[in-house]
Structure formats: structure tokens, C-alpha cells
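Take a look at the structure set out below.
The values are calculated or read from the model by the stated rules, or taken from the named source; none is laboratory data. Fair warning: this is a prediction, and the values are worked out from it, not measured in the lab. We place every Cβ from the backbone using ideal geometry, glycine too, and count neighbours over all the protein chains shown.
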Amino acid sequence: MTTPDRDRDRGPILAAGCVLWRPAVSGHGIEIAVVFRPKWSDWSHPKGKLKHGEEARSGAMREVQEETGMTCAPGVELPAVRYRVQGRPKEVRYWAAEATGGSFEPNREVTRLLWLAPGAAQARLTRDRDKDLVEALLRARGARKTAPGATSA
């Protein structure tokens with residue numbers, strides 16, 4: 001007789017995040033925040049697991065604040081991303097969100113934050129699913145990719 005996988009019985013891991021953007025410092029186009037997570041050795045969008053009973057949009061804003069130090073104004077919901085983590089399904093809901101204030105301080109989860117032009121953000125992001133979210137943001141904003149470039153925060 002097999003033992004049921006308790007993680008699978010609990011359902012998917014629920015998480016939320018944002019594709020965080022701001023007007024470009026140059027005054028032309030936008031820049032997108034990408035964060036480096038040493039635990040996973042990857043470049044990603046800010047995101048994290050929802051707390052029990054937490055609404056996804058609120059959780060996305062909380063995660064942006066915790067990981068980047070930024071406050072944000074969420075806009076349109078972007079496509080959800082689904083994948084498996086150690087055999088368990090995970091669903092991450094994302095919003096396009098404009099940075100409205102704050103400043104980055106390296107922390108336990110995120111040690112670097114870069115503000116990049118959309119094309120450069122796609123080149124820096126580790127996973128294709130995160131790169132696809134940049135395209136979704138640009139479609140939602142009716143914008144096109146700009147030439148690669150970066151500024152540090």
C-alpha cells in the first residue's frame with residue numbers, strides 16, 4: 001500500500017508577485033525591476049508565498065515591499081504562472097505594478113535589485129516564464145521593448 005503524498009493532498013502552493021516598473025530615468029519608456037535571490041541563484045520578479053487567508057493582490061504588494069523596499073500601485077493582472085516545486089504544483093498570480101516610492105536594501109531573500117529596460121530585463125531574467133511576463137506587461141501597456149540598458153538601485 002502506498003502512502004499518500006501529504007503535500008499533494010494540500011493542493012497547490014499559492015503565491016503572488018508583481019512585474020514592478022517605473023518610468024525610465026532617461027524620460028523615455030520604462031524600466032523593470034529584477035531581483036537576485038541567492039537561495040535559488042536566479043534573477044526573478046519579486047514574488048512569494050501567500051499567507052493563510054491572504055488575498056493574492058495584497059500578497060503581491062506585500063512581497064514587493066518585503067523584497068525590494070518599494071511601495072507600488074498595482075494595475076492590470078498579468079497571466080498566472082504554474083509550475084511544480086519538488087513535485088507539488090505552484091501557482092503564482094502576477095500584477096503589473098508601478099513603483100511609487102521606497103528604496104532597496106539588500107536582505108535575506110534578495111541581495112540585488114536592478115532597474116532595466118525591458119529588453120535588458122528579459123536578457124537578465126533566469127527563467128523563460130519570467131521573460132514572458134515582461135512581454136505581457138508590455139502588451140498591457142501597449143509598449144514595445146527598448147534598447148538594453150540598466151541602472152542600479
query: Would segment 90-107 turn up any residue that is under 22 Å from residue 36 (Cβ atoms), without any contact (Cβ under 8 Å) to a residue 24 or more places away in the chain and more than 12 Å from the chain's Cα centre (by Cα)?
result: yes
- prompt: For segment 45-99, how many residues are farther than 13 Å from residue 13 by Cβ and among the aromatic types (Phe, Trp, Tyr)?
  reply: 2
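Rundown of residues vs (1) crowded, with 19+ Cβ neighbours inside 10 Å; (2) out of contact with any strand residue (DSSP E or B) (no Cβ under 8 Å at 6 or more places or on another chain); (3) farther than 12 Å from residue 99 by Cβ, yes/no style:
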| residue | (1), (2), (3) |
| --- | --- |
| 22 | no, no, no |
| 54 | no, yes, yes |
| 63 | yes, no, yes |
| 70 | yes, no, no |
| 73 | no, no, no |
- prompt: Just for segment 22-33: of the residues that are on the phi < 0 side of the Ramachandran plot and assigned to a loop (DSSP other than H, G, I, E, B), which one is modelled with the highest pLDDT?
  reply: 24
